[in-house]
Amino acid sequence: MSLISPVSPLFLLLLLERHAFPSFLLISTHAFFVFSGFLNHPVFCPRFRTRPNVVLFCDITQKGYEKKRTKLLAPYIIQAPAPSSSSQAPPPSSSSRYRERRSRRTHRRGGTRDDRYRSDVHSEAVQAALAKHKEEKMALPMPTKRRSTYVQSPIETRTPPDSSSGSEDETSVRRQSSVIAPPPPVNSNKQSPDCWISRSAQGSSTSSSASSTLSHGENVFNLTHLLFVPTAASENSAPPPDVTTVAPPTRGPRVDLPSNAVVQGMSRGQSRSSMMETADGVPVSSRVSTKIQQLLNTLKRPKRPPLSEFFTDDSEEIVQVPQPDPNTPKPEGRQIIPVKGEPLGVVSNWPPALQAALARWGATQGKSPALTALDITGKPLYTLTYGKLWSRSVKLAYTLLNKLGNKNEQILKPGDRVALVYPNSDPGMFWVAFYGCLLAEVIPVPIEVPLSRKDAGISQVGFLLGSCGVSLALTSEICLKGLPKTPTGEILQFKGWPRLKWVITDSKYLTKPGKDWQPHIPTANTDPAYIEYKASKDGTVVGVAMSKVAMLTHCQALTQACNYCEGETLVNVLDFKKEMGLWHGAVMNRIHTISVPYAVMKACPLSWVQRVHIHKARVALVKCRDLHWAMMAHRDQRDVSLASLRMLIVADGANPWSVSSCDAFLSLFQSHGLKPEVVCPCAASPEAMTVAIRRPGVLGAPLPARAILSMSGLSHGVIRVNTEDKNSALTVQDVGHVMPGALMCIVKPDGPPQLCKTDEIGEIIINSRAGGMMYYGLPGLTKNTFEVIPVNANGVPIGEIPFVRSGLLGFVGPGSLIFVVGKIEGLLMVSGRRHNADDLVATALAVEPVKTVYRGRIAVFSVSVFYDERVVIVAEQRPDASEEDSFQWMSRVLQAIDSIHQVGLYCLALVPANTLPKTPLGGIHISDTKQFFLEGTLHPCNILMCPHTCVTNLPKPRQKQPVGVGPASVMVGNLVAGKRIAQAAGRDLGMIEDQDLVRKHQYLTEALQWRAQTDPEHVLFVLLNSKGVAVGTATCIQLHKRAEKIAAALTEKGSINTGENVVLLFPPSIDLIAAFYGCLYAGCVPVNVRPPHPQNLAVSKAACILTTQNLMRTLRSKEAAASVNIKTWPTIIDTDDLPRRRPPQIYRPPTAEMIAYLDFSVSTTGMLTGVKISHAAVSALCRSIKLQCELYSSRQIAICLDPYCGLGFVLWCLASVYSGHQSILIPPFELESCLSLWLSTLSQYRVRDTFCSYSVMELCTKGLGTQTELLKSRGLDCCVRLCFRPLSAPGLTLQSACRCVTQQAPTSYTVYVMDETQTSVISVLQGTTGPDPCTVYVDMKSLRHDRVRLVERGAPQSLPLMESGKILPGVRVIIVNPETRGPLGDSHLGEIWVHSPHNASGYYTIYGEESLQANHFNTKLSFGDPQTLWARTGYLGFVKRTELLDASGDRHDALFVVGSLDETLELRGLRYHPIDIETSVSRAHRSIAESAVFTWTNLLVVVSELCGSEQDALDLVPLITNVVLEEHHLIVGVVVIVDPGVIPINSRGEKQRMHLRDSFLADQLDPIYVAYNM
């Protein structure tokens, strides 16, 4: 195609496409897919993506289905000999193994993130790794950002600012509706608690203590005042699903079962045969008849084939599987032997239950201190004695059981669950509530205090409460006042929470029981004692139920392992509501616990050290974070002594990076009396409780050894001592020996619980009475976690003892010492290798300078993209960090992690300070951060994507094979394969025998004269304005006379010679039509040009310009004069001032092959091209349209198209004069003022046929989607038979548009499409007769290989294509290989060639390039039928013969257009259509209004228009990269975020991608953000 130069003799004005059309057409052509109608499409909605094509009109039983399936497949199944019994099932596919691994890890919990990662050794390793890259220049280009984006908008912070990190990770809950009830109590013959208390009281030692001081009042009211605070009803919050069994209507949701009841999924080894189930798994009574039961069983059978019958996961075909490295280390040791802890000793005075221990100390050591709480300054606030703890717990137990509700029906009964909501600063109230619940035999569920509706994981905690059947919450008066409330003062209804009644447990509101009432203290059994919440890796919150006997046994095991003595002092910095902070603070050994809240640690990090010094504490319970903080604040106070400590328990000593914190703390405080043997790391988890703890050492005993392991070996799951590269070494310390009375194994973390080898890393599993019993209400997860039976290498169980998964990864070292190297929850499985999130955090923090980000505010997680996990790091950036510093730090982190861990980062994002979701104790909420990242709501301020380095499983690039041309191509392509040649034809135009009709139809000028004589008053055109009012009409005689005046003006004023070019410069109006026929009357060649912007003019040597007065002023304005020399203008004729005389004669062409007009348009590749249309082509085209659409004088059609080129010009100016029908003209720009103009016109004029562009349909659906009821009230009612639209996108866009238009209830449409090209103005058009257009679904992967493979609706990677209409009369279409120019077979993809009488004569060339003209308009097949002349359309498509019949009774040949050949992108040897990628990008985020793609130096560039806030701009970068990689297997090289309206669109609504590319390279886009994913 030729590009018209500015010196063309054609016309005056060449327009940049940015201003070449009304502004409303700038609206995105494909952003339309964000509309809900598209999102619900079963092909493109993710949850329906693999839905099979189901038979909807009939039903079939399972037996019938199997019989029919066997019969149909019998001829194709090869009868193989029966396999031998020794044959084994094939191994699962990689994808199934991947899904299995994912399901095995769903209940793990995210790792902790804080300052304990600091390691001098590791810092040296990182610096050494970075030194390798020091000499290299930075390969990554800096992302560019608009300055306004630097200004961080005052977004609402999710958490208060703090530079610390926490230790807890809280996550979201997955809703599961199942029920679990406490198992039956175990009858035991142990001694009764009463006699035990009395006996032990006689022999117990007494100790004096200071009198207790309480901040609470000691008054006990005789008349109990109980405060119930109802929860506010929320209108928009739905109640949580009922996951409990049926309860009496007057009771709250709870489970009431007799003591001998058996609940499904509860007891181990339970036989399922004794229970009958309905189709939904609901137990039914055994009295149900057998017939009914058979019917219910029948209902459970599938009524349709399973999904695998239709679609299979073809990931193994797509993904490039890397070859296994022969040097990969593999385990070589023997199978591990279970490790047994020392026997749990039996002490005569151990209590039979934990409540009994409290009763003993309350009765015998009432003044002994139990708990000391600190205020915000770190000073003692109050001390709770064991006597007060016992008395208040008894009062609370009595109140809960007897004073809630009325006498006949109490709200609480033993076994019910209640929530404990207490702040971290009030341990005393929590202890009273916890032990009060134990004494009342109700099950406490401690949770965090909700601060707002936006708390991280708030809805998941609510689901935990709902699944546990909690309807009552205990809290303190101060806490209740601090809860968020509605304007009416009621407690806010939190999202997902059940309706709760709040009970204040302050002492003044409790009732003192009578002397004859004593709490019932049974011997510890397997009933649940309390439920501890646990947040897992994927965001779910589950409740781990601890039995009474497990709680007691665990206290006994801790007493033995830690050698606790009565009356010791313990400083606890951990959360006292869960895990080790709760276990070690128990009342078993009359320990005095000093609780240091998190808020105190933030204000005074050295406070816990000061408490140890002041109280001469024997034991301290801390985390690595606390050690680090104490070291940082050590300068403030030097006169502290830690000589009294005999145990410094490091609760997160299982973290491999804790060893550096322990060593640094020991080296600093050893001069303050801290002994090396005091440091005791331990390992614990909510499920297994304490797994192992290092026993307190003896002075002078050798310290346990350290293990220096290879990170490369750890990533492969094996233990290798690092002896070569110290940069990639990990030093780990032991966590001591297994707990007393426990049995421990190491099993593989993936797949069956197979025992590991001695040099293999696996998951630690524990068998002990001191462990969790179940996930409350989740029997499925319970079985996978709490009932694990290890198997050997042959898959044979090693015994019948069930183990509990701890979620810890480790191995057994010399001397049966336990080493932990990570957690399941922090495990990132990338390309078959394991990486620990904590290791990656430590490496990132070792990169200097760390002043860019906050320590402890880093989240590391993985996202699943393109069949593998990809590592993402998100960190909070300091406000004073510059853009260059941040980018430099991110680049160095990438290099360090790649060198040390041999894994590539997928994304590294920095967010503004205090915007990451936090846990209650200040840690980063990993699962919520991941959710924000995937949803595009993270709002980063800097982002770096590196998909090229980490995506290594892309399919191999396609290698195109050379294609030879010859007879063999026909044989192979068609005959041998049994395919017919892909061609189709419309019906014959026929011969016209009436000479009057021949004279009327030979030239349009003669047709207009004939109509002016025979029917002068017939109205041909009606022009509407934005109000729907007819502002102009033209009858046959009016149009004829006005055309004569224009012809006379051209002859007189312009001195125009025959055959010269005349520019028509008009807005969409009847004047344009009259000027066109005036040019034909004068023998000129009209050239239709869109009115320009005054700053956007160019000049060529046109003979004359026809225009209006207003546009003449524009041409002669100062703006135009600034860009164009007015002296070079040709003659400009004002058609508003015409002479009153007629021309001497009307020109009649000597031959019909002469040029009638020139059709200029800008192609989708940005080239301005003109084609010559002859008079014969005009007549043939008009006749084809008349026959196809059955147009005649009494018909009306509505046209809402631009009249400047292509089909729009034909319908505006030509078709009505030829056929005589009335055209109602709606200028598309009028829809800007009135969106309903088009639809209201169809309703008002009762039009059945309308022509519109895709832009019009999109504009109406977007603007009127919410106004359906308003249109109904106005009486809008359309019944449109044909709705045509020029083809500018694949069928999916049209289907979406049609569905959205028809969803506007008052209208009903039959919507069709047509094919429009430059070489043949129109090739196919759905007519009034013939079959309806069909839709097929093609495989996108095959299209990329230039093949067509038809698939079922809903198949993965399927693309819907709608037939392009019925081929016009007189038109032949053939599908040709564009390279060999040979014909292709049916259903083969190739270029569409057209042979028709209305083909264009050729391009309007400047330099006479005849070869270009012959190549496109008069080309021939290389073989087959080499005589026929064809025109190349430049579109790819295929022909498919359908089962439908056309009007002649023959089978219908359907033509499907896939896309433009010039637009396609050649990437990795495959052919991609931009619209497919753009459609995927538009679905990635709601803020993407429009997108366009092009290539730049073999990189894919995606330009997206942002319709939301600028803070959303960087959210789009990873989402766009993800969706293109997932759906098209391409890596995006550059992502450009721009303002709406930047992507240029031509008059037909097609994107000008080449103009956009030129603007990008010239840096003219003014982008909001440019990200280079390199």
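The values are calculated or read from the model by the stated rules, or taken from the named source; none is laboratory data. Remember, it's a predicted structure, so these values are computed and weren't measured experimentally. Cβ coordinates were reconstructed from backbone atoms using ideal geometry, including for glycine residues, and neighbour counts include every protein chain displayed. The area values use the complete protein model at the heavy-atom level, side chains included, leaving out ligands, DNA and RNA. Shrake-Rupley method; radii C 1.70, N 1.55, O 1.52, S 1.80 Å.
Scanning region 380-404 for residues that are among the polar types (S, T, N, Q) and either surrounded by fewer than 19 Cβ atoms within 10 Å (Cβ to Cβ) or closer than 28 Å to Val571 by Cα (or both) gives Thr383, Thr385, Ser391, Ser393, Asn402.
Conditions (1) outside any loop (DSSP other than H, G, I, E, B); (2) open to solvent by 20 Å² or more (accessible area, probe 1.4 Å); (3) among the basic types (Lys, Arg), marked per residue:
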position: Asp750; (1), (2), (3): no, yes, no
position: Ile765; (1), (2), (3): yes, no, no
position: Arg769; (1), (2), (3): no, yes, yes
position: Thr785; (1), (2), (3): yes, no, no
position: Gly795; (1), (2), (3): no, yes, no
position: Ser806; (1), (2), (3): yes, no, no
position: Phe811; (1), (2), (3): yes, no, no
position: Gly822; (1), (2), (3): yes, no, no
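Residues that are assigned to a helix (DSSP H, G or I), aromatic (Phe, Trp, Tyr) and in contact with a strand residue (DSSP E or B) (Cβ under 6 Å, 6 or more places away or on another chain): does region 357-379 have at least one? No: region 357-379 contains no residue that is assigned to a helix (DSSP H, G or I), aromatic (Phe, Trp, Tyr) and in contact with a strand residue (DSSP E or B) (Cβ under 6 Å, 6 or more places away or on another chain). The residues of region 1488-1515 that are over 18 Å from Leu954 (Cβ atoms), open to solvent by 10 Å² or more (accessible area, probe 1.4 Å) and either under 18 Å from the mean Cα position of the chain (by Cα) or not polar (S, T, N, Q) (or both), listed by number, are Ala1489, Trp1496, Cys1507, Gly1508, Glu1510, Asp1512. Of the helices (runs of 4 or more DSSP H) lying entirely inside region 572-663, those containing at least 2 residues that are open to solvent by 10 Å² or more (accessible area, probe 1.4 Å), touching a residue at least 60 places away in the same chain (Cβ under 8 Å) and over 24 Å from Asp734 (Cα atoms) span 598-603, 607-615. Taking Ala1484 as meeting all but one of (1) of a type outside the set (Ser, Thr, Tyr); (2) more than 26 Å from Tyr1254 (Cα to Cα); (3) open to solvent by 10 Å² or more (accessible area, probe 1.4 Å); (4) part of a loop (DSSP other than H, G, I, E, B), write down the number of the exception. Failing condition for Ala1484: (2).
Considering only region 1531-1562, how many residues are touching a strand residue (DSSP E or B) at 6+ places or on another chain (Cβ under 9 Å), over 21 Å from Met142 (Cβ atoms) and assigned to a helix (DSSP H, G or I)? The qualifying residues number 5. Which one is nearest to Cys950 (Cα to Cα), of the residues in region 895-923 that are without any contact (Cβ under 8 Å) to a residue 60 or more places away in the chain and open to solvent by 10 Å² or more (accessible area, probe 1.4 Å)? So, considering only residues that are without any contact (Cβ under 8 Å) to a residue 60 or more places away in the chain and open to solvent by 10 Å² or more (accessible area, probe 1.4 Å), the one nearest to Cys950 (Cα to Cα) is Gly904. You will find that of Glu1463, Glu1505, Glu1527, the residue that is within 30 Å of Asp1566 (Cβ to Cβ) and touching an Asp or Glu at 6+ places or on another chain (Cβ under 6 Å) is Glu1505 and no other. Within region 670-682, none of the residues are in contact (Cβ under 8 Å) with a residue 40 or more places away in the chain, touching a strand residue (DSSP E or B) at 6+ places or on another chain (Cβ under 8 Å), among the β-branched types (Val, Ile, Thr) and part of a helix (DSSP H, G or I). Are any of the residues in region 1248-1257 under 23 Å from Glu1363 (Cα atoms), modelled with pLDDT of 70 or more and open to solvent by 60 Å² or more (accessible area, probe 1.4 Å)? Within region 1248-1257 (the criterion being under 23 Å from Glu1363 (Cα atoms), modelled with pLDDT of 70 or more and open to solvent by 60 Å² or more (accessible area, probe 1.4 Å)), the answer is yes, since at least one residue qualifies.
Could you say whether any residue in region 1552-1559 is open to solvent by 30 Å² or more (accessible area, probe 1.4 Å) and acidic (Asp, Glu)? Within region 1552-1559 (the criterion being open to solvent by 30 Å² or more (accessible area, probe 1.4 Å) and acidic (Asp, Glu)), the answer is yes, since at least one residue qualifies. Pull up region 1423-1478, narrow it to residues that are of a type outside the set (Asp, Glu) and out of contact with any strand residue (DSSP E or B) (no Cβ under 9 Å at 6 or more places or on another chain), then point me to the one that is modelled with the lowest pLDDT. Taking the candidates together, the pick is Ala1447. Candidates are the residues of region 1521-1561 that are over 18 Å from Asn1498 (Cα atoms) and hydrophobic (A, V, I, L, M, F, W, C); the one that is farthest from the chain's Cα centre (by Cα) is Ile1545.
Take the residues of region 824-842 that are open to solvent by less than 20 Å² (accessible area, probe 1.4 Å) and charged (D, E, K, R): which is farthest from the chain's Cα centre (by Cα)? Filtering region 824-842 for residues that are open to solvent by less than 20 Å² (accessible area, probe 1.4 Å) and charged (D, E, K, R), the one farthest from the chain's Cα centre (by Cα) comes out as Asp839.
The listed residues are Pro1540, Pro1474, Pro1518, and the only one of them that is in contact with a Cys (Cβ under 8 Å, 6 or more places away or on another chain), open to solvent by less than 10 Å² (accessible area, probe 1.4 Å) and not polar (S, T, N, Q) turns out to be Pro1518. When region 771-783 is filtered for residues that are more than 24 Å from Gly341 (Cα to Cα) and either touching a helix residue (DSSP H, G or I) at 6+ places or on another chain (Cβ under 9 Å) or surrounded by fewer than 24 Cβ atoms within 10 Å (Cβ to Cβ) (or both), the ones remaining, listed by number, are Tyr775, Tyr776, Gly777, Leu778, Pro779, Gly780, Leu781, Lys783.
The set of residues in region 720-748 being outside any loop (DSSP other than H, G, I, E, B) and hydrophobic (A, V, I, L, M, F, W, C) consists of Val721, Ala729, Leu730, Val732, Val738, Leu743, Met744, Cys745, Ile746, Val747. Against the conditions (1) surrounded by fewer than 19 Cβ atoms within 10 Å (Cβ to Cβ); (2) part of a loop (DSSP other than H, G, I, E, B), Ile521 satisfies every one except (1).
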